[in-house]
Structures are given as C-alpha cells and as structure tokens.
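Worksheet: one structure, shown below.
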Amino acid sequence: MAQTTIASSRVGALTEDTRTDLNANFTELYNATFNGIAPVAVTGSTVTLAEGTHSNRVTTLSRAAGIAVTLPAATGTGDVYELVVITTVTSNTTTITTDGSDTLQGQAWVLSDTSAAVLAYDAAGTATTITMDGTTQGGYVGHRIRLVDIATGKWHVTMMGKATGTEATPFS
C-alpha cells in the first residue's frame, strides 16, 4: 500500500498549519503501522525467525525446494510474524515449526482447485508444525501465514491460500 497525502493545499477549511500537522500525524501512523521497512526475503533452505528481524513485518518465502522455518519460543509478546509465499513449492516442503513445546491454535483456509470451495482446517491447539507441500497442503504463490505470539507456549495462526488434488490439513 502506498502512502498518500490526505490533506492537500486545496482544502479550504484547514489552515496551512493544520494541514501540515494532519499529514505529519498520518505519516507517523503509516510508518508505525507498516514499520516503514521492506519485507525480509528468505531464500535459503532454513530460517529461524527472530524478534528483532522478523516480528511485526512481512517475511517472504522464496524457494521452490522448500524452506524449514522455525518459530521463536512463544512468550506472550503479541508479536506478529507475517509470512508470504512468493515462489511456489515444487519439491520437498516448506515447514513452519514451533520450538517443540509450543502449540498452534487457529485455522487454515484454502481454496480447492476442483470445486472452488473454501476448506477450513483447525490446528486444534495441539499442532506444532505447518507443512506446505505445493499441492494438497498449499504452498502456492500468494499463500499467507500470520502467526501471533499470544501467550507463553501458544501461537495463533491464520493461513490463507490454495491447495490442489485431495486437499489435506497442513497441521500436525
């Protein structure tokens, strides 16, 4: 989303000072919302997400042979990790795993290629791994995974994407 000016000099009801203040406040809000920084690009076979590098910003996943993504320990920080697949997985898998003791709760929403139906899968609060295989479990360009550190030992996940063939849960 591009930043725009919300009060131009043609607005007759605002003084120049008010217009300047309004645009400055909008710019501050825009930068706070989107951090004013580019996404983190991941192209290697493994990545361990870190609070200072990956939290509260977009991380792109771009490797056709898959990526093993490891989450930091959930401690209830409220940090958001937004992952977007920008290269479809064509061999192996892309996995997102907790530190081993943390669990995932939330859902994956996928668009079926055969019926154009939307299918939902529940992580049920016991899953520790998300697997995207490039077919039945998703992992196509545009697949979006949002993970929120909601409490000690708990991640909330929302996934949106598509799957093909005989669709299956990405959670285990």
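The values are calculated or read from the model by the stated rules, or taken from the named source; none is laboratory data. Please read all numbers here as calculations on a predicted model, not as lab measurements. Here the Cβ positions follow ideal geometry from the backbone for every residue, glycine too, while neighbour counts run over all protein chains shown.
Can you tell me which residues in segment 71-97 are over 16 Å from T59 (Cβ atoms) and either outside the structural domain of V141 (by TED's automatic domain parsing) or out of contact with any helix residue (DSSP H, G or I) (no Cβ under 8 Å at 6 or more places or on another chain) (or both)? Give the derivation first.
Filtering segment 71-97 down to residues over 16 Å from T59 (Cβ atoms) leaves 73-78, 88, 90-93.
Scanning segment 71-97 gives A73, A74, T75, G76, G78, T88, T90, S91, N92, T93.
Run down S62, S91 and say which single residue is under 23 Å from A41 (Cβ atoms) and within 17 Å of the chain's Cα centre (by Cα).
On the way: S91 fails: within 17 Å of the chain's Cα centre (by Cα).
Residue meeting the stated conditions: S62.
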**Study point:** When residues of segment 139-154 are limited to those that are in contact with a Ser or Thr (Cβ under 8 Å, 6 or more places away or on another chain) and assigned to a loop (DSSP other than H, G, I, E, B), the one farthest from Q105 (Cα to Cα)
**Key:** V141
Study note, to complete from the structure: Being surrounded by 18 or more Cβ atoms within 10 Å (Cβ to Cβ), in contact with a Ser or Thr (Cβ under 6 Å, 6 or more places away or on another chain) and hydroxyl-bearing (S, T, Y) narrows T98, T94, T129 down to just T98
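Residue under question is T158, and the condition is that it be surrounded by fewer than 21 Cβ atoms within 10 Å (Cβ to Cβ), touching a Lys or Arg at 6+ places or on another chain (Cβ under 9 Å), touching a residue at least 12 places away in the same chain (Cβ under 8 Å) and at negative phi; does it hold?
Details: surrounded by fewer than 21 Cβ atoms within 10 Å (Cβ to Cβ): yes; touching a Lys or Arg at 6+ places or on another chain (Cβ under 9 Å): yes; touching a residue at least 12 places away in the same chain (Cβ under 8 Å): yes; at negative phi: yes.
In short, yes.
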Study note, to complete from the structure: Across (1) in a loop (DSSP other than H, G, I, E, B); (2) among the β-branched types (V, I, T); (3) under 18 Å from T136 (Cα atoms), T95 clears everything bar (1)
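For the structure I just gave you, tell me whether G66 is farther than 16 Å from Y140 by Cα, in the same structural domain as G134 (by TED's automatic domain parsing) and either at pLDDT 95 or above or outside any strand (DSSP E or B) (or both). Break it down stepwise before answering.
Working: farther than 16 Å from Y140 by Cα: no; in the same structural domain as G134 (by TED's automatic domain parsing): yes; either at pLDDT 95 or above or outside any strand (DSSP E or B) (or both): yes.
Answer is no for this residue.
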Practice item. Could you pull out the residue among V89, V157, V110 that is under 25 Å from P39 (Cα atoms), touching a Phe, Trp or Tyr at 6+ places or on another chain (Cβ under 9 Å) and part of a loop (DSSP other than H, G, I, E, B)? Key: V89
Check your understanding: What are the residues in segment 99-115 that are in contact with a Pro (Cβ under 9 Å, 6 or more places away or on another chain) and farther than 18 Å from V69 by Cβ, if any?
Key -> V110
Review point. Just to be sure, is T59 in the same structural domain as G142 (by TED's automatic domain parsing) and surrounded by fewer than 16 Cβ atoms within 10 Å (Cβ to Cβ)?
Key: no
